[in-house]
Amino acid sequence: MSETPRRTQVAIIGGGPAGLLLALILNRAGVDCVVLERRSREYVLSRIRAGVLEQGTTDLLRLAGVGARMDREGLIHDGFDIAWRGEVLHIDLRELSGGKTVMVYGQTEVTHDLYDALDAAGVPVIHEAEDATPEAIESDTPSVSFRTRSGGEQRIECDFIAGCDGYHGVCRQTIPKDRIETFEREYPFGWLGVLVRKPPIQEELVYAHHARGFALCSLRSPQLSRYYIQCRNGDDVKNWTDEAFFDELQTRLPDSIAANLQRGPSIEKSIAPLRSFVAEPMRYGRLFLAGDAAHIVPPTGAKGLNLAVSDIHYLSRGLVAHYQERDSGLLDRYSEDALARVWKAERFSWWFTSMIHRFEDDGGFGQRIQEAEFDFLASSRAAQTALAENYVGLPF
Ligand code: FAS
Ligand code: PHB
């Protein structure tokens with residue numbers, strides 16, 4: 001393990017997709033950086049999260065030189081199905097969006113590819129970096145202090161700090177309360193997700209609305225399926241045997257689709273809470289927030305990982321221009337540019353979540369509105385086009 005540098009140009013806190021992709025793009029542009037990750041590499045790579053990549057995301061990953069395995073193993077999807085009252089509405093993404101598609105390729109694989117590229121480039125990623133703390137972020141000479149078992153207490157001086165440490169990270173908390181504004185909506189349910197080594201129920205994704213709750217059929221490969229069902233807030237994975245999960249999933253799907261379900265032992269089972277959250281601005285002094293550190297979306301629209309990537313598009317181009325052209329204009333616009341896209345994805349994720357989940361407390365009016373929402377979508381090409389444009393990803 002190379003000695004931790006005492007100084008770098010950009011210190012990146014957080015080794016998830018946002019932090020790792022930023023490090024790779026900066027390295028490719030000759031900007032010095034270090035990644036500080038709280039967990040071990042094995043832990044980071046054990047996480048099962050996003051599954052759908054927008055075209056803007058796959059384009060940027062290719063540009064960063066980590067698209068080869070994705071293009072070999074990823075699955076291009078031209079559309080998906082919405083199941084409702086036993087009907088199935090197909091959303092033809094390619095046709096409705098003017099040729100755009102999405103790629104099914106797990107976030108875990110993206111993270112693997114990023115780690116491999118950073119190793120090859122010799123970019124320092126320090127794992128099990130404890131108590132990373134941004135310091136002097138209002139000055140021109142910020143630093144990050146942290147501790148590792150092997151190296152003890154350490155400090156890295158830098159020009160800028162990228163807070164890519166996720167929703168529960170430290171960076172957002174470092175900004176004075178009167179200099180940051182947060183916007184939040186919690187949903188009265190979570191997603192119980194299961195990974196199973198069986199062929200998917202069908203090639204394309206199925207988003208299902210049902211009186212008992214939402215369900216989603218997704219996949220990671222032709223032999224690896226990912227399923228979700230809406231569950232109560234505070235529900236516990238221990239309450240769900242595999243059999244109970246698959247029985248509930250089957251109930252929430254139209255018979256024509258449920259008939260193809262191949263059950264198997266779950267190799268991962270977890271519950272994720274759903275929330276919408278945005279922190280403004282995404283910058284304070286020399287500290288920049290990116291990805292889940294700045295915003296969270298309910299996973300219904302498959303936007304979380306993709307928003308992290310678009311943040312890194314804006315942040316990396318600003319940092320590279322600062323160092324290569326001594327021009328800080330794009331960096332100064334980072335928060336404004338990133339938030340403009342974040343809020344559109346927040347709107348879409350909220351809309352899709354509100355339409356397709358079961359809200360117990362919404363009463364008859366809420367449920368009629370959901371029915372009307374779906375009926376309008378099913379009958380209007382304009383509505384389907386709007387859904388498709390958002391799902392494949394709005395322009396960066
Ligand atoms: P991440 O949270 O991925 O990475 C932050 C990193 O910072 C982590 O590795 C963490 O260990 C590290 N860190 C935290 N505090 C630190 C500190 N103080 N010092 C150093 N390191 C620190 N999105 C979708 O699009 N579809 C999905 O289906 C989906 N499912 C999800 C399920 C779950 C359970 C969760 C939590 C999220 C899910 N998401 C999904 C969203 C997810 O994919 C995120 O959008 C994506 O991981 C964002 O990447 P990052 O911003 O890099 O944050
Ligand atoms: C997934 O495959 O994990 C996935 C796909 C689409 C979503 C959310 C999650 O909207």
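Note that the range 1-105, at 20 °C in a medium of 1.002 mPa s, gets a Stokes-Einstein diffusion coefficient of 129 µm²/s from its Kirkwood radius over C-alpha pairs. Hydrodynamic radius of the range 281-387 by the Kirkwood approach over all distinct alpha-carbon pairs: 15.9 Å.
Rounded to the nearest 10 degrees, the inclination of helix 304-324 to the longest alpha-carbon principal axis of the chain is 30 degrees. Both radii come from the Cα set of the range 158-199: Rg as radius of gyration, Rh as Kirkwood radius; their ratio Rg/Rh reads 1.19. Based on every Cα atom in the chain, Rg and the maximum pairwise Cα distance Dmax equal 21.4, 63 Å. Packing-based ranking of 381-391, 53-63, 309-319 yields 309-319, 53-63, 381-391, ordered from highest to lowest mean Cβ neighbour count within 10 Å.
Axis angle, to the nearest 10 degrees, between helix 107-121 and the longest C-alpha principal axis of the chain: 20 degrees. Just the protein heavy atoms count here, and of the accessible area of the chain at 1.4 Å, carbon and sulfur take up 49 percent. The string of couplings for the range 258-264 from the Karplus curve (6.51, -1.76, 1.60, θ = phi - 60°) is 4, 4, 9, 5, 10, 7, x Hz, one whole number per residue in order, with x for Gly and Pro.
Tell me which aspartates and glutamates have Cα within less than 13 Å of residue 238's Cα, excluding those fewer than 8 residues away on the same chain? Excluding near neighbours in sequence, the set is 268.
If each DSSP helix of 4+ residues adds -39,500 (n - 2.57) and the sum is divided by the residues in the chain, what number results at 222 nm, nearest 500 deg cm²/dmol? Write out the running numbers ahead of the final one.
Numbers: 14 runs with 148 residues, N = 396.
For the chain, the value works out to -11000 deg cm²/dmol.
Beta bridges assigned by DSSP with both partners in the chain are antiparallel in approximately 75 percent of cases.
When peptides 107-114, 148-155, 332-339 are ranked by their average number of other Cβ atoms within 10 Å per residue, the highest-first order is 107-114, 332-339, 148-155. The alpha-carbon atoms of the range 70-126 define a convex hull whose volume equals 128 cubic angstrom per residue.
Here the Gaussian network model covers the chain, with springs between Cα atoms less than 10 Å apart; of 93, 377, 289, 377 fluctuates the most.
The values are calculated or read from the model by the stated rules, or taken from the named source; none is laboratory data. The model shown is predicted, which means the values in this text are computed figures rather than measured ones. Here the Cβ is made from the backbone with ideal geometry for all residues, glycine too, and neighbour counts use every protein chain on show. The accessibility values were calculated without ligands, DNA or RNA, using every heavy atom of the protein model including side chains. Shrake-Rupley method; radii C 1.70, N 1.55, O 1.52, S 1.80 Å.
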